[in-house]
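The values are calculated or read from the model by the stated rules, or taken from the named source; none is laboratory data. Remember, it's a predicted structure, so these values are computed and weren't measured experimentally. Don't worry about glycine lacking a Cβ; one is built from the backbone with ideal geometry, like all the others, and counts go over all protein chains shown. Remember, those area values only see protein heavy atoms, side chains included, never the ligands or the DNA or RNA. Shrake-Rupley method; radii C 1.70, N 1.55, O 1.52, S 1.80 Å.
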Amino acid sequence: MSIEVMTLLFFGSLLFFLLLGLPLAFVLGGVSVVFLYFTWGFDSFYMVVSQIWGTMESFTLVAIPLFVFMAMILERTGVARDLYRMMYLWFGGLRGGLAIGTLGICAVFAAMVGISGAAVVAMGAIALPSMLSRGYDKQMALGVINTGGGWGVLIPPSILMILYALITGVSVGKMFAAGVMPGIMLMVLTTLYIVVRCALQPDLAPALPKDDRASWPEKFRALRSVLLPISVVGMVLGSIMGGLTTPTEAAAMGVLGALISAAVYGEFKWSVLNEAAIRTLKLTGLTMWILFSAHAFSSAYQSMGAQALIESIMAMIPGGAWGTIIAMMVIIFFLGMVLDPVGIMMITLPVFIPIITALGFDPIWFGILFVINMEIGYKTPPFGFNLFYLKGVVPPSVTMNDIYKSIIPFVLVEIVGIILIMIFPEIATWLPELLF
Amino acid sequence: MSVVSAFMKGVTRLNEYVGRCIALIVFPMFVFLILEVALRYFFNSPSVWTNELTQLLFGVYAVMSGGYIMAHRGHVNVDLLHSTLKLRAQGFVDIFTSILFFIFMLALVWFSFDMASESFESRETSFSAWNPPIWPAKGAIFVASVLMLLQGIVRLLEDIAIAFNLSYYDPAERKSHSEEGEA
């Protein structure tokens, strides 16, 4: 059988079984076993198991359960509630102030945790009812929470960046550093969007009435709530960027910080910790099982020679180097709608990265574009995790349709962000070059 | 039919129990990593064993999670088309797609047994400075595959019951499929 037909069958059967609803981990594993049988015979299945063992032996991956555990604990403490109160007192008087403040909290949360769901759940439960009762437009409030929650994977620490670094061989510290400026840029862009939109349509996000606004002493007292989160951020990012610890050990420092926060808020209880541990196992485990089988999958398609074929197809895309980059972004964007980020990484990166480096692009820069694209994937239907998380915590008056519609302007803002980073790569590459 | 439902309940309960125990491994992983940082900076005596032990614990943790997640239907899938089907049609589709699942699992069970027994017979160690035995961690792949295979059989029995309206399983027991999921 020719390689073209094989490749078509290979990816065709992947899509076929995925659409029929078999979990991604089993589709990847099953398809690779079947194709290995036809290319190398029965004994090649040993490779599938040895790939699993190889994945178990990666020290960087140990950071995943710890970062997840940290997020699960922080989500249950009162950190988010206090931050929201602070922000409410300071920004409530501005038009669109609660929306902008929610974005700020999401950014702080993103700097503490490495996943995107934690801030969505916390803000969906705290900020959404508050904004709705103050007469904020439903879609404005929902969109803000969805977009801010997604920053968890862009602003370091980030589990997606750890995985990206592992697959492509770039340094985790550099990836983390590269995410800082783009994260700030997206925050500024989104804030600008809210300010402009609210100036044009003031009834979307009314300012609080005069009597509801806080006095200055109240405002300053509320500032105390940022102390704890800032020190957690300092513990994690300080230890990585300062070169004190490996990212994995920094994740353990983060857990320590989260445990201290839990103690401060009186949530240091066995029931809270045990529940956090179980949720951590679920989230880590399903990521790891996708990784296990995706490793088998990518080595199966490499052993078939499919990689060369895809590379030659990519080379036929018009527009030269930039045409290729844009084509990759479009492919990733559409995959992001239906697949989960870990799967997308494992399927596309082994093919894309050699092309990227051959074209003379910086893999760190590409990584940031990739991560922002994944972040959009988290909030685009039909398969966006954040949408389901948000649906799980909103009042019944908010329908899935409201949530779907709310994201459109915010996705456009992020696409503008991606384009800016393409035009000015320094936004991503400046900080890592300065630090390392 | 009571034997069948007893088997189904038993396997699910076993995976539930294993998962709850495995989940606790996150605590020692955290403690060992913090201990290493403390030893390095406060006592100036980095250890040879903490990182490697954490590593081995993580491997067991990651691979053994599979059965528990299956019991909770937590492995992520694309339910774009699937969710539009009627329950019985879903059952038929799931029976069909489970072929691919069983091919994968049987390959895993078979070859992870090979790997684990080779490793055990030679009392394989990691050849690092600490040099611990690594066959228990390799054995965990085999145990995890068997647990997942068993849970997969339970799932197939559920799907058959749904597709053919059999009485040993009540589809109302099936929990909502979307629980946790995201990296």
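Across A:326, A:64, A:100, mean-square fluctuation computed from a Gaussian network of chain A (C-alpha pairs under 10 Å connected) peaks at A:326.
Springs between alpha-carbon atoms under 10 Å, Gaussian network over chain A: tell me which of A:365, A:322, A:289 tops the mean-square fluctuations. Judging by the Gaussian network model, the answer is A:322. Take residue A:81: with every protein chain present and a 1.4 Å probe, its accessible area is about 140 Å². For a quick check of your reading of the filter: which GluC sites (Glu not before Pro) in the stretch B:1-74 sit in a DSSP loop and have no more than 16 other Cβ atoms within 10 Å? Qualifying residues, ordered by number: none. The mean number of Cβ atoms from other chains found within 10 Å of a Cβ in peptide A:56-66 is 6, as a whole number. For chain A, the longest principal axis of the Cα atoms and the long axis of helix A:341-358 meet at an angle of about 70 degrees. The phi-based Karplus calculation (6.51 cos²θ - 1.76 cosθ + 1.60; θ = phi - 60°) puts the 3J(HN,Hα) values of the stretch A:259-268 at 5, 4, 4, 4, 5, 4, 8, x, 10, 7 Hz, whole numbers, x for Gly and Pro. Remark: the stretch B:3-182 is approximated by an ellipsoid whose semi-axes, taken from the C-alpha gyration tensor as √(5λ), come to 39, 19, 13 Å, largest first. When Rg and the Kirkwood radius Rh are both evaluated on Cα atoms of the protein assembly as shown, their ratio Rg/Rh stands at 0.96. Taking A:179, A:93, A:417 in turn, the Gaussian network model of chain A (Cα-Cα springs below 10 Å) assigns the largest fluctuation to A:93.
Residue order by solvent-accessible surface for A:246, A:102, B:84 is B:84, A:246, A:102, largest first, with ligands and nucleic acids left out and a 1.4 Å probe. Measuring nothing but how far apart in sequence close Cα pairs (under 8 Å, 6+ apart) lie, relative to its length, chain A scores a relative contact order of 26 percent. What is the angle, in °, between the Cα long axis of helix B:87-121 and the longest principal axis of the Cα atoms in chain B? Nearest 10 is fine, range 0 to 90. Rounded to the nearest ten degrees, it is 30. Among the residues of B:24-36, the average count of other protein chain beta-carbon atoms within 10 Å of the residue beta-carbon is 6. Near residue A:373, once Lys and Arg are set to +1 and Asp and Glu to -1 for all other residues with Cβ below 15 Å from its Cβ, the sum equals -2.
Evaluated with a Cβ-only charge set (Lys, Arg +1; Asp, Glu -1), chain B carries a dipole of roughly 300 debye about its Cα centre, given to the nearest 20. Residues whose amide H lies under 5 Å from that of residue B:125, counting only those 5 or more places away or on a different chain, are B:134; hydrogens are built 1.01 Å from N in the peptide plane.
With the whole protein complex present, residue A:193 retains an accessible surface near 50 Å², based on a 1.4 Å probe.
Could you compute the net charge surrounding residue A:432? Neighbours are other residues with a C-beta less than 10 Å from the C-beta of residue A:432; K and R count +1, D and E count -1. That sum, taken over residues with Cβ under 10 Å, equals -1.
Look at the alpha carbon pairs under 8 Å that are at least 6 residues apart: their mean separation over the length of the stretch B:3-182 gives a relative contact order of 30 percent. Relative to the dominant Cα principal axis of chain A, helix A:24-40 is inclined by about 10°. Surface listing: A:83, B:150 arranged by accessible area from highest to lowest gives B:150, A:83, probe 1.4 Å.
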